[in-house]
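Only one structure is covered here, and it is reproduced in the block below.
The values are calculated or read from the model by the stated rules, or taken from the named source; none is laboratory data. Everything quoted here is computed from the prediction, not taken from an experiment. Cβ sites come from the backbone with ideal geometry, for glycine too, and all protein chains shown count toward neighbours.
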Amino acid sequence: MNHPAELALHQYLEDASNRRSTMSDETIKKITDDIADALKRQFGSKNREEGFRLRMSNIGRPTCQLWFQKNEPEKALPKPTTFVMNMMLGDIVEAVFKGILTEAKVKYEDSDKVTLDLGDTKISGEYDLVIDGAVDDVKSASDWSYKNKFSSYYALEMGDAFGYISQLAGYAKASDKKAGGWWVVNKATGEFKYVASDIDMASETAKIKDTVATVDRNEFKRCFTDTAETFRGKETGNRVLNINCKFCDFRKSCWPELEERPSIMSKAKQPKIESYTMVANNG
């Protein structure tokens with residue numbers, strides 16, 4: 001276990017699963033209020049666009065993506081029908097997780113709005129919680145992300161296209177607290193774990209300042225190159241989108257030649273969808 005609170009959480013959940021404990025009406029009321037607020041946030045307005053600004057939630061995103069958000073937001077791909085449901089699942093997981101912390105007698109400070117003052121630029125956001133003086137985020141994750149991206153801090157560091165590390169560092173810097181880590185819940189299995197951060201605050205703060213400067217210069221430059229496709233350990237001659245780009249809303253504008261289609265080399269009945277930037281070998 002990576003956090004002292006994990007044992008208390010597991011004990012409470014074991015007791016709850018075996019009908020040896022209950023949840024207080026007060027905690028249930030807090031959870032339902034938090035979920036009601038999330039419903040209003042996700043479904044309560046037809047027009048949620050506020051115009052571009054740097055926020056804690058996007059300060060760690062690739063600067064090429066931020067350029068599109070600032071200059072050509074209309075080129076974003078339509079959100080899939082699963083988008084709002086996934087956002088709500090994340091909100092529900094956070095609300096229930098905080099309730100479990102309460103019932104497990106883990107002391108924590110609830111979410112709070114903070115602002116990182118960088119002189120001419122101020123970046124605001126709302127962290128999830130604080131335990132023992134350290135800012136933590138609660139994340140719901142797919143089975144793949146739980147086992148791979150969140151397998152360790154260093155795995156997250158290698159593929160952090162959503163900017164979770166800069167986001168946590170920004171919260172810590174703005175609140176003058178320690179950077180804790182991530183409470184990650186596997187949406188497929190219900191497992192959870194704590195992934196402790198190992199953030200170099202000086203380096204991460206400098207990175208945030210560099211992002212602000214790049215956005216202010218308003219110059220577009222791709223952040224990632226495409227990569228060689230491999231099949232059974234050998235290169236196929238085709239090139240595919242970098243993994244950090246695969247969920248970007250602007251990938252088709254950044255890569256006009258992009259072709260998303262079933263994997264050419266796969267022999268599976270239902271091959272995975274691959275993102276090709278160049279096809280030289282059609283199998």
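Residue-level check: of (1) touching a Lys or Arg at 6+ places or on another chain (Cβ under 9 Å); (2) touching a residue at least 60 places away in the same chain (Cβ under 8 Å); (3) not assigned by TED's automatic domain parsing to the domain that holds Gly60, Thr211 misses just (3). Listed by first and then second residue, the pairs with beta-carbon distance under 9 Å, at least 6 apart or on different chains, first residue in segment 111-122 and under 30 Å from Lys30 (Cα atoms) and touching a residue at least 24 places away in the same chain (Cβ under 8 Å), second in a strand (DSSP E or B) and of a type in the set (S, T, N, Q), are Val114/Ser124; Thr115/Ser124; Leu116/Ser124. Every condition in (1) free of Cβ contacts under 8 Å to residues at least 12 places away in the same chain; (2) surrounded by fewer than 14 Cβ atoms within 10 Å (Cβ to Cβ) holds for Asp15 except the one numbered (2). Scoring Val240 on the criteria (1) among the hydrophobic types (A, V, I, L, M, F, W, C); (2) in the same structural domain as Ser142 (by TED's automatic domain parsing); (3) over 30 Å from Gly119 (Cβ atoms) leaves a single failure, condition (2).
Give the residue, chosen from Leu66, Leu89, that is in contact (Cβ under 8 Å) with a residue 12 or more places away in the chain, over 24 Å from Lys178 (Cα atoms), touching a strand residue (DSSP E or B) at 6+ places or on another chain (Cβ under 7 Å) and not assigned by TED's automatic domain parsing to the domain that holds Ser253. Show your work before the answer.
Numbers: Leu66 fails: touching a strand residue (DSSP E or B) at 6+ places or on another chain (Cβ under 7 Å).
Sole residue among the options that is in contact (Cβ under 8 Å) with a residue 12 or more places away in the chain, over 24 Å from Lys178 (Cα atoms), touching a strand residue (DSSP E or B) at 6+ places or on another chain (Cβ under 7 Å) and not assigned by TED's automatic domain parsing to the domain that holds Ser253: Leu89.
Residues in segment 218-265 that are of a type in the set (Gly, Ala, Ser) and either under 18 Å from Gln65 (Cα atoms) or touching a strand residue (DSSP E or B) at 6+ places or on another chain (Cβ under 7 Å) (or both): Ala228, Ser253, Ser263. I'd like to check something: does segment 56-71 contain any residue that is among the charged types (D, E, K, R), over 17 Å from Asp137 (Cβ atoms) and in a loop (DSSP other than H, G, I, E, B)? No. Evaluating Phe52 against the criteria (1) hydrophobic (A, V, I, L, M, F, W, C); (2) in contact with a Cys (Cβ under 8 Å, 6 or more places away or on another chain); (3) assigned to a loop (DSSP other than H, G, I, E, B) leaves one unmet condition, (2). If the condition is being surrounded by 11 or more Cβ atoms within 10 Å (Cβ to Cβ) and under 25 Å from the mean Cα position of the chain (by Cα), then segment 253-272 contributes Ser253, Cys254, Trp255, Leu258, Glu260. Taking (1) surrounded by 11 or more Cβ atoms within 10 Å (Cβ to Cβ); (2) in a loop (DSSP other than H, G, I, E, B); (3) hydrophobic (A, V, I, L, M, F, W, C); (4) within 24 Å of the chain's Cα centre (by Cα) in turn, Ala38 satisfies each apart from (2).
Among the residues of segment 249-264, the ones that are within 22 Å of Asn281 (Cα to Cα) and of a type in the set (Gly, Ala, Ser) come to 1 in all.
Kindly indicate the residue of segment 189-215 that is acidic (Asp, Glu) and in a helix (DSSP H, G or I) and also surrounded by the fewest Cβ atoms within 10 Å (Cβ to Cβ) among those meeting that condition.
The first filter runs over segment 189-215 and keeps only residues acidic (Asp, Glu), leaving 191, 198, 200, 204, 210.
Going one step further and asking which of them are in a helix (DSSP H, G or I), we end up with 204, 210.
On the way: Glu204: 20, Asp210: 11.
Only one residue tops the list, namely Asp210.
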